[in-house]
Amino acid sequence: MSGVEDKIEGFYKYVPGVSGEGLRFDGYTTSVVRKAEKTPKLHHSFSITAWIALNVYPWNWVPIVDQEKDQQAGYFLGVDALGHLGLQADVKGIWYSLTSNAQIPLKKWAQVAGVYDQDRGLEIYLDGNEVGQLAVRGPLLPADMMDVVIGRVRAPMPPFPSIAASPGYPIWYSLDGILDDVAIYDRSLSASEIQNMHVSAHAPTGEILPWPVLPSGPLGPGPFGAYYCTLKYEDAWDRPRRVGPDSDVVVRFDDSPIRLVFWQGTSYIPSWVTENGKWFTDEFLEAPAKGCPDGGDCEPMSDKQVRYSRVSVLESSEARAIVHWRYALAEVEHYLGAHTDPLTGWFDWADEYWTIYPDGVAIREQVLHPTDPSVTYEWQETIVINPPGHRPDDDINLDALTIGNMKGETATYTWGHKEPGVYGDLNLPPPIDKPDDANIQWVNLKSNWKPFEIVSPVHTAFKIFTYSKSYYSFGCWNHWPISQIASSARICVAPDRASHSSLSHIFWDAYSTSEDSVTKILMDGLTTKSAPELVPLAKSWLSPPPVLVEGEGFESEGYDPVHRAFVVAAKNPAKPAALGITFEASEASPLVNPAIVIKKWGDGEAHLKINGKPVEWGRDFRRGYVQKFDGRSLVVWIRQTSATPLRISLTP
């Protein structure tokens, strides 16, 4: 096909090929189109050869070369969702299809060829070897009136397997990878000719496309705080996005290599990242299907272009960070929202406020703004994000969940092993019914730092995520993260793309309600402790010790569980004064790394004593200042655990 200048559409890039330059297709928009009047006229035997390097397997069949009309005329050489090579053609008015059992490898150069010989039939070759043959005789019925399309579907198709996809919309997509030396011959090549082409090309060996890494900022510990940043994934994914710099947020910790990431590739859904790159999230608010347009999934996971989802840093100091994440509950195809109010046009929205401390513990405040507060929503799902190249079993131990209570009693729930690559039922654990009064969940990732959640034990229940079919030991879906297709459920058929696995749900009571909002709070984070060892932390949050405030001009406003902080207000910030606080800690109400907020502290410095002894501000004793309209507040965080009374004093 050399000598004719073809139209290249979409986002593309020239990269090193097998001979000269190859064309990098982005997986969604890229195609090469040759107008019908300039295409080779094939009526009898023909051959197609190409070099291909697949970055991922396509969502469904994707053409390498396609000149067909409704599978009623013409030919098609392409790759299916499992990486099999296929040649299809109309011979004497019958559409024939030949698919290989062999898979095209990922990330490496592979030579592919499709041959139709009117006396022998269809033949397909991979790296010079025949991998399929179908005997059929007769002339090709051409589709000369059709353009030749290279590398992109001619019409939208549903993701494979369509029976397990939701909502099942047909989608546009292209090959995600590199094509080079695409050639069409008006004769049938012999097996020896194809073999010689393969050998003489001297294609580069090994992986020539890298496995992308889910971005989480610089590796290792770093100064604690929430930072605006620009997280890059891979060029083919980053280039089409219309998002400005510093649109992502990463919370770093100075005494551990963990982080909390708000990234556009997850639609800003907050994700904890362990020391070895395991990603975890506690989901988001999701509307029931009945209230979602077309019965879809109204959730921020559907906001592929982050049209609604956004993140901002409200506070960041050495003592704590507060990050605000706002999103709409909208569906994936047209971005229509759940439960649209016919009077105002508003639909369901949510605000989440994450208060994060240097010990890797956060309080998640979820505020739902529903059209109808009586509707039941989903507030939490235990989700592990698997990076490209990983199966769920690579990231999650089979004894995945340990559930605990305030007595330190625990029960572990284990998934049965399943051989990868065969789609079928999961070996799920039994329903979660132990221990009694459970309120702690500990997630057993293949990492030293483990995700955990703590809620109030009142009216709380845990439930195993029961979708029961997968190619792996755990459920696996790759419509999110990263994916830009209009889908809210597509099972993983290979470990080629970023994906996620869901383990459980937590159900617990609202913290507060109003006429037009519902609020819930949850403690989560990453820990190196076991589930029973989290009980003191849970007690310190759910049953904080009483406090005695001393000092003229100060008064206690009690404990604020939304921010995991004791709150004291200064009555007259213009007159700085000494402040004393005694925490009546006990075994039932211990202190674990307490935070204290002194509202309107003023502009003066603060000096700290603990049990009468001066201490220097530093890694274990931190303070930050927050300037607001009504004055300057002081935030103090202390790395201290105590089950006996403890007194601190702060002086200007």
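In this structure, does Ile356 turn out to be surrounded by 19 or more Cβ atoms within 10 Å (Cβ to Cβ) and out of contact with any Asp or Glu (no Cβ under 7 Å at 6 or more places or on another chain)? Judged against the criteria, Ile356 is a match.
For region 106-159, the candidate set comprises residues that are part of a loop (DSSP other than H, G, I, E, B), of a type in the set (D, E, K, R) and open to solvent by less than 50 Å² (accessible area, probe 1.4 Å); within that set, the residue that is farthest from Asp90 (Cα to Cα) is Lys107.
For the condition open to solvent by 10 Å² or more (accessible area, probe 1.4 Å) and not basic (Lys, Arg), Glu365 qualifies. Looking only at region 195-218, residues that are open to solvent by less than 20 Å² (accessible area, probe 1.4 Å) and over 28 Å from Asp26 (Cα atoms) come to 0 in all.
Here Val15 passes the criteria (1) open to solvent by 20 Å² or more (accessible area, probe 1.4 Å); (2) of a type in the set (A, V, I, L, M, F, W, C); (3) farther than 25 Å from Gly206 by Cβ except the one numbered (3). Any residue at all in region 71-85 that is under 23 Å from Lys108 (Cα atoms), among the polar types (S, T, N, Q) and touching a Phe, Trp or Tyr at 6+ places or on another chain (Cβ under 9 Å)? Scanning region 71-85, I find no residue that is under 23 Å from Lys108 (Cα atoms), among the polar types (S, T, N, Q) and touching a Phe, Trp or Tyr at 6+ places or on another chain (Cβ under 9 Å), so the answer is no.
Is it the case, given these coordinates, that Ser188 is polar (S, T, N, Q), farther than 12 Å from Ile52 by Cα and surrounded by 21 or more Cβ atoms within 10 Å (Cβ to Cβ)?
Spelling it out, it is not the case that Ser188 is polar (S, T, N, Q), farther than 12 Å from Ile52 by Cα and surrounded by 21 or more Cβ atoms within 10 Å (Cβ to Cβ).
In region 570-591, the residues that are more than 15 Å from Leu634 (Cβ to Cβ) reach residues that are among the aromatic types (Phe, Trp, Tyr) with C-beta atoms within less than 6 angstrom, at least six apart or across chains, in these pairs: Leu591/Phe583.
Of the residues making up region 533-554, none is within 30 Å of Leu650 (Cα to Cα), free of Cβ contacts under 8 Å to residues at least 40 places away in the same chain and in contact with a Pro (Cβ under 6 Å, 6 or more places away or on another chain).
Applying the criterion of being under 12 Å from Pro358 (Cα atoms) and of a type in the set (A, V, I, L, M, F, W, C) to the residues of region 613-648, the residue that is surrounded by the fewest Cβ atoms within 10 Å (Cβ to Cβ) is Phe621. Ala102 meets the conditions (1) in contact (Cβ under 8 Å) with a residue 40 or more places away in the chain; (2) surrounded by fewer than 22 Cβ atoms within 10 Å (Cβ to Cβ); (3) not hydroxyl-bearing (Ser, Thr, Tyr) in every case but one. The failed one is (1). Residues that are surrounded by fewer than 20 Cβ atoms within 10 Å (Cβ to Cβ), within 26 Å of Ala438 (Cα to Cα) and at pLDDT 95 or above: does region 475-484 have at least one? No: zero hits.
For the structure I just gave you, tell me whether Leu534 is open to solvent by less than 10 Å² (accessible area, probe 1.4 Å) and either at pLDDT below 95 or over 18 Å from the mean Cα position of the chain (by Cα) (or both). Judged against the criteria, Leu534 is a match. Of everything listed in (1) modelled with pLDDT of 95 or more; (2) within 30 Å of Leu542 (Cβ to Cβ); (3) assigned to a loop (DSSP other than H, G, I, E, B); (4) of a type outside the set (Lys, Arg), the single unmet condition for Thr466 is (1).
Of all residues being aliphatic (A, V, I, L, M), over 15 Å from Tyr185 (Cβ atoms) and touching a Gly at 6+ places or on another chain (Cβ under 7 Å) in region 86-99, which is most open to solvent (accessible area, probe 1.4 Å)? Just the residue, please.
Leu98
Looking only at residues in region 18-39 that are basic (Lys, Arg) and open to solvent by 20 Å² or more (accessible area, probe 1.4 Å), which one is modelled with the highest pLDDT?
Of the residues in region 18-39, the ones basic (Lys, Arg) are 24, 34-35, 38.
Filter again for open to solvent by 20 Å² or more (accessible area, probe 1.4 Å), leaving 24, 35, 38.
Values: Arg24: 98, Lys35: 95, Lys38: 91.
That would be Arg24.
Residues checked against (1) crowded, with 17+ Cβ neighbours inside 10 Å; (2) more than 30 Å from Ser162 (Cα to Cα); (3) within 24 Å of the chain's Cα centre (by Cα); (4) of a type in the set (S, T, N, Q):
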position: Asp496; (1), (2), (3), (4): yes, no, yes, no
position: His500; (1), (2), (3), (4): yes, no, yes, no
position: Lys529; (1), (2), (3), (4): no, yes, no, no
position: Pro546; (1), (2), (3), (4): no, yes, no, no
position: Phe554; (1), (2), (3), (4): yes, yes, no, no
position: Glu557; (1), (2), (3), (4): no, yes, no, no
position: Asp560; (1), (2), (3), (4): no, yes, no, no
position: Ala565; (1), (2), (3), (4): yes, yes, no, no
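What about Gln71, is it open to solvent by 50 Å² or more (accessible area, probe 1.4 Å), without any contact (Cβ under 8 Å) to a residue 40 or more places away in the chain and outside any strand (DSSP E or B)? Against the criterion (open to solvent by 50 Å² or more (accessible area, probe 1.4 Å), without any contact (Cβ under 8 Å) to a residue 40 or more places away in the chain and outside any strand (DSSP E or B)), Gln71 qualifies.
May I ask you to list the residues in region 410-437 that are touching a residue at least 40 places away in the same chain (Cβ under 8 Å), out of contact with any Ser or Thr (no Cβ under 7 Å at 6 or more places or on another chain) and among the charged types (D, E, K, R)? The answer is none; no residue qualifies.
Of Ile403, Ile396, Ile363, which residue is under 13 Å from Gln441 (Cβ atoms) and of a type outside the set (Ser, Thr, Tyr)?
Ile403
If the condition is being touching a Ser or Thr at 6+ places or on another chain (Cβ under 9 Å) and open to solvent by 20 Å² or more (accessible area, probe 1.4 Å), then region 463-474 contributes Lys463, Phe465, Tyr467. Val243 passes every criterion in (1) surrounded by fewer than 13 Cβ atoms within 10 Å (Cβ to Cβ); (2) over 19 Å from the mean Cα position of the chain (by Cα); (3) over 30 Å from Trp61 (Cβ atoms); (4) among the aliphatic types (A, V, I, L, M) apart from (2).
Conditions first: (1) closer than 22 Å to Glu286 by Cβ; (2) in a loop (DSSP other than H, G, I, E, B); (3) under 22 Å from the mean Cα position of the chain (by Cα). Arg364 passes all but one, so which condition is the exception? All conditions pass for Arg364, except number (2).
Among the residues of region 317-353, what is the count of those that are in a strand (DSSP E or B) and either open to solvent by 30 Å² or more (accessible area, probe 1.4 Å) or closer than 16 Å to Phe284 by Cβ (or both)?
Total meeting the criteria: 13.
The values are calculated or read from the model by the stated rules, or taken from the named source; none is laboratory data. Quantities reported herein were computed from a predicted structural model and do not represent experimental measurements. So basically every Cβ, Gly included, is an ideal-geometry build from the backbone, and we count neighbours across all protein chains shown. Side chains are part of the model used for accessible areas, which takes the heavy atoms of the whole protein and leaves out ligands, DNA and RNA. Shrake-Rupley method; radii C 1.70, N 1.55, O 1.52, S 1.80 Å.
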